[in-house]
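The values are calculated or read from the model by the stated rules, or taken from the named source; none is laboratory data. Since this is a predicted model, take the numbers as computed values, not measurements. Reconstructed Cβ throughout: ideal geometry from the backbone, glycine too, with neighbour counts over all protein chains shown. Just so you know, the surface numbers come from the protein's heavy atoms only, side chains and all, with ligands and any DNA or RNA stripped out. Shrake-Rupley method; radii C 1.70, N 1.55, O 1.52, S 1.80 Å.
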Amino acid sequence: MDINHYVAQYGYAALVIGSLAEGETITLLGGVAAHQGVLKFPLVVLSVALGGMIGDQLLYLLGRRFGGKILRRFSRHQAKINDAQKMIQRRPYLFVVGTRFMYGFRVIGPLLIGASHLPPKIFLPLNILGALVWALIFTTLGYAGGEVIAPWLHNLDQHIKHWIWLVLVIVLVVGARWWLKKRSSKKTAR
């Protein structure tokens, strides 16, 4: 079984699927694969941008259709939801593109945008732009990180062996300490 063969054959589809929601990790790994020459950098960027764009578009449409019902379930966060919707109305361009980069807003952001009834003719081009910028940044970070990660991955089996030995030693030390404490407490109880 050659893992590079499977990554090369199914990698782009996996990137699209993996980046539908919270795809930063998948995107970074795609960049690492591009660095190693298993995948092509431009196709990685396009794949993760496509997945991110589709995922956000679906969440936006869900927000437009069922946004009121969905957001009512979060009544204890209503003040934050109202603040976000005011921000969407004031700066829709910045909010749509920036939602991808806001921690905790990657999934709820497009729902809020859809529920705020931002027109699709504004959301769609901004969604595409945001997806491309996001994909380019995170794929590039993964590609650059490949410089650091690639040598480590080549020696992965050695690293795993070292970690297994380390875990075994820690378990033995903790087990011996526990056994000695238990033995000592039995002697004091007598």
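Can you tell me the 0 to 90 degree angle between the C-alpha axis of helix 24-35 and the longest principal axis of the chain, rounded to 10?
Once rounded, one gets 80 degrees.
Rank these residues by their accessible area, most exposed first, probe 1.4 Å: 12, 143.
So the residues, ranked largest to smallest area, are 143, 12.
Can you give the charge dipole size of region 3-151 about its Cα centre, rounded to the nearest 20 debye, using +1 on the beta carbon of Lys and Arg and -1 on the beta carbon of Asp and Glu?
Charge dipole, region 3-151, about its Cα centre: 880 debye, nearest 20.
With runs of 4+ DSSP H residues as the only contributors, calculate the mean residue ellipticity of the chain at 222 nm using -39,500 (n - 2.57) per run, divided by the residue total and rounded to the nearest 500.
Computed mean residue ellipticity for the chain: -28500 deg cm²/dmol.
Would you mind telling me the share, in percent, of accessible area of the chain contributed by carbon and sulfur at probe 1.4 angstrom?
Carbon plus sulfur share of accessible area: 69 percent.
Calculate the spin-label point distance for residue 40 paired with residue 21, positioning each point 7 Å from the Cα along the beta-carbon direction, and give it in nanometres.
3.1 nm
Specify whether the C-alpha gyration tensor of the chain places it in the rounded, prolate or oblate class, a ≥ b ≥ c being the square roots of the eigenvalues: rounded for a/c under 1.5, otherwise prolate if a/b is larger than b/c and oblate if not.
Note, shape of the chain comes out oblate.
Averaged per residue, what accessible area in Å² does the chain show with a 1.4 Å probe, protein chains only?
66 Å²
Using only Cα atoms, find the angle between the long axis of helix 120-154 and the longest principal axis of the chain, and express it within 0 to 90 degrees, rounded to the nearest 10.
That helix lies at roughly 20 degrees to the long axis.
Note the full-extension length gain between residue 173 and residue 122 as 0.36 nm times their separation in residues minus their Cα-Cα distance, in nm to one decimal.
Gain on extension, residue 173 to residue 122, equals 12.2 nm.
Would you calculate the separation in nanometres between label points at residue 184 and residue 87, each defined as 7 Å from the Cα along the Cα-to-beta-carbon direction?
Modelled inter-label distance: 5.3 nm.
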